[in-house]
Amino acid sequence: MSIDIDLLLVQLSKSFIDCYDTFRKSNLITIPNLGNHSESDLHSWLQYLLIKSGEQEGLIPIPEIKMRLTNPIVYKEFGITNRKRTKSNFKRVDVGYYDSKKILRGFAEVLTMDEAHGAMSSKELQHNWFTPYDSLPFLVENAKDKPEFLIIVLVLLKNTPGIYWKIGIKDIDEKIKTRNYYQVFREQWLTLKQRIKIPNKMLIITEDGVEQY
């Protein structure tokens, strides 16, 4: 089945934003929810909106799929040493988008405020976390079922209710004292977007709404 990927990304993004705006107006997602992601199950709500928007555009969205790899993730190559499993032949993603022939066309990931620093490399952070900086380009390049597009939904608030944790890098830890995570991390995420070698959309959620790039 032939799909215009660029047009599909535009339509999926619009559908997501329309669904999100509806939930905001109905107070199903509130500004406090955006900051208190664990108490509000925000990740799951945003994941649902990705599923709903995919269905509206004629795709079959499946949550929490395993993307199997042609080359395994070798964690020590990314500075990750404190794991029981040193390698992995798959990576789970938040939503996989399939067509009517059960062919994977693309995938989506949700990043909440506790993952705002994920546009930094795993080695730089040294948190034993395979960060999106590393994982997203790796998935795109090594997936057995080659995705044709990616949607990243990212929450970056301009005035957070608190500091989630110290990053461990002095300059950044000083900057996040302002609680403006949007200002601190936005450019890093946009740089990561450019490194991803398939068509992609980044939807950044702030207190003011959704920005799309």
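Based on the mean of other beta carbon atoms within 10 Å per residue, what is the order of 162-168, 106-112, most packed first?
Working: 162-168: 13.3, 106-112: 24.6.
The densest-packed peptide leads the list: 106-112, 162-168.
Could you please tell me the mean projected area of the C-alpha convex hull for the chain, averaged over all directions and given in square nanometres to one decimal?
The Cα convex hull of the chain, projected and averaged over all directions, gives 11.5 nm².
Tell me, what is the percent relative contact order of the range 63-213, built from C-alpha pairs under 8 Å that lie six or more residues apart?
Computed over the range 63-213, the figure is 22 percent.
Residue by residue through the range 83-99, which ³J(HN,Hα) values in whole Hz follow from phi under the Karplus form 6.51 cos²θ - 1.76 cosθ + 1.60 (θ = phi - 60°), with glycine and proline marked x?
For the range 83-99, the Karplus-derived couplings read 10, 5, 8, 8, 9, 8, 9, 8, 9, 7, 10, 5, 9, x, 9, 10, 9 Hz, x marking Gly and Pro.
In terms of Cα to Cα distance under 19 Å, which lysines are near enough to Lys177, apart from those fewer than 8 places away along the same chain?
The reachable lysines, counting only those whose Cα sits under 19 Å from Lys177, are Lys158, Lys166.
Tell me the mean residue ellipticity at 222 nm calculated for the chain from its helices only (DSSP H runs of n ≥ 4, each -39500 (n - 2.57), averaged over every residue, nearest 500).
Per the formula, -11000 deg cm²/dmol.
Read the figures in this text as sums done on the coordinates, not as results from a lab. Bear in mind the structure is a predicted one, so any value in this text is a computation, not a measurement. Note that each Cβ is placed from the backbone with ideal geometry, even for glycine, and that neighbours are counted across all protein chains shown.
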